[in-house]
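The values are calculated or read from the model by the stated rules, or taken from the named source; none is laboratory data. Values in this document were obtained by computation on a predicted structure and should not be read as measured data. With ideal geometry, Cβ positions are generated from the backbone for all residues, glycine too; neighbour counts draw on all protein chains shown. Surface areas here come from the heavy atoms of the whole protein model, side chains and all, with no ligands, DNA or RNA. Shrake-Rupley method; radii C 1.70, N 1.55, O 1.52, S 1.80 Å.
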Amino acid sequence: MARQLSLEERIAERRPEVERLIAGFGGYVDRFDENRQFSGPSVYFHVKALTTLGTHEHPVDALEDDAFFDYVYATLASWGLHRMGPGNAKLVEVQELKSSLRRQRTGIEALQEVRIEEIDERDVADVAESIWQVLRELRVGIGQTLLVANSKALHHVLPALVPPIDRNYTLMFFVGRPYIYRGRDGEYFKQLFPLFREIAVRSLRDIRARVRDPWTGMNTSVTKVIDNAILGYMPVQSEVS
């Protein structure tokens, strides 16, 4: 029976994919834009949430804004985190989402000025740990991968720092499989976050060229453009493999 690869080994095995993404970064973002993989409410509410966030002096101030939470909640639902019917993924009630984020006010305040592309390589592990201490305490989804639901929520509070993480694209891209063993969400995040930071640093010129004001489509932050590039890359690679 073949030995099961560790998470570190799986990530190392996928390293050529990271290099290909960086080498053709702009083209993969353009591919994502051309395919219109997300449209309608998934874009509308995402932009509304971040626009409302931007009306506050600091991200932490938005935690007292019910309109901001309404847009975030609608975004999460339109991003597939709430599906009708028994056995499907569900969001918690909006008040529980609000309360869990507000309880993390101190941790969010400590991170709100940090931008992923400005993190020194020597500090990236400490920043990842600080983000995880917030992520682990959030109450966002029921019957969902904690890291997926919680990262998508926190992304809308700290879009300059926290990337949204998806099973079928993000995890497949970095790890080669679309799931996390129960209880290992923190280990996965701490391994993946430095890779997001590396992509941000090495692809920054292409990223900045696509984050425009006012926003068009889903290119709303450095972290979201990286997510978009991965979404554009995966279908391209499946077509040529």
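Can you tell which of ARG36, ARG20, ARG15 is exposed (fewer than 12 other Cβ atoms within 10 Å of the Cβ) and farther than 25 Å from THR145 by Cβ? The conditions single out ARG36. When restricted to residues that are touching a Phe, Trp or Tyr at 6+ places or on another chain (Cβ under 8 Å), modelled with pLDDT of 95 or more and β-branched (Val, Ile, Thr), region 110-149 contains 4.
Just to be sure before I move on: is ASN219 within 18 Å of ILE108 (Cα to Cα), in contact with an Asp or Glu (Cβ under 9 Å, 6 or more places away or on another chain) and not β-branched (Val, Ile, Thr) in the structure I sent?
Values: within 18 Å of ILE108 (Cα to Cα): no; in contact with an Asp or Glu (Cβ under 9 Å, 6 or more places away or on another chain): yes; not β-branched (Val, Ile, Thr): yes.
Against the criterion (within 18 Å of ILE108 (Cα to Cα), in contact with an Asp or Glu (Cβ under 9 Å, 6 or more places away or on another chain) and not β-branched (Val, Ile, Thr)), ASN219 does not qualify.
Applying a threshold of 6 Å to beta carbon distances and a minimum spacing of six or more residues, or different chains, the list of pairs starting in region 14-39 at a residue that is under 27 Å from GLN191 (Cα atoms) and ending at one that is hydroxyl-bearing (Ser, Thr, Tyr) reads LEU21/TYR233; ILE22/SER203; PHE25/SER203; TYR28/TYR233. Of the residues making up region 176-184, none is surrounded by fewer than 20 Cβ atoms within 10 Å (Cβ to Cβ) and under 13 Å from the mean Cα position of the chain (by Cα).
Of the residues making up region 150-168, those that are at pLDDT below 95 and crowded, with 20+ Cβ neighbours inside 10 Å number 1.
Say whether the condition of being modelled with pLDDT under 95, in contact with a Leu (Cβ under 8 Å, 6 or more places away or on another chain) and not hydrophobic (A, V, I, L, M, F, W, C) is met by at least one residue in region 76-89. Within region 76-89, one or more residues are modelled with pLDDT under 95, in contact with a Leu (Cβ under 8 Å, 6 or more places away or on another chain) and not hydrophobic (A, V, I, L, M, F, W, C). May I ask you to verify whether SER42 is closer than 19 Å to PRO163 by Cβ, touching a Pro at 6+ places or on another chain (Cβ under 6 Å), polar (S, T, N, Q) and buried (at least 16 other Cβ atoms within 10 Å of the Cβ)? So SER42 fails the test.
Scanning region 54-66 for residues that are in contact with a Lys or Arg (Cβ under 9 Å, 6 or more places away or on another chain) and over 15 Å from GLN112 (Cα atoms) yields a count of 2.
Taking helices (runs of 4 or more DSSP H) as the structural unit, those lying wholly within region 1-97 and holding at least 1 residues that are touching a strand residue (DSSP E or B) at 6+ places or on another chain (Cβ under 8 Å) correspond to 66-76. For the subset of region 107-139 comprising residues that are of a type in the set (Val, Ile, Thr) and part of a loop (DSSP other than H, G, I, E, B), which member is farthest from SER221 (Cα to Cα)? Looking at the filtered set, the residue picked out is ILE119. Within region 88-113, residues that are open to solvent by 40 Å² or more (accessible area, probe 1.4 Å) reach partners that are modelled with pLDDT under 95 and not aromatic (Phe, Trp, Tyr) with beta carbons closer than 7 Å, at six or more positions or on different chains, in the pairs LYS90/HIS82; LYS90/GLY141; LYS90/ILE142; LYS90/GLY143.
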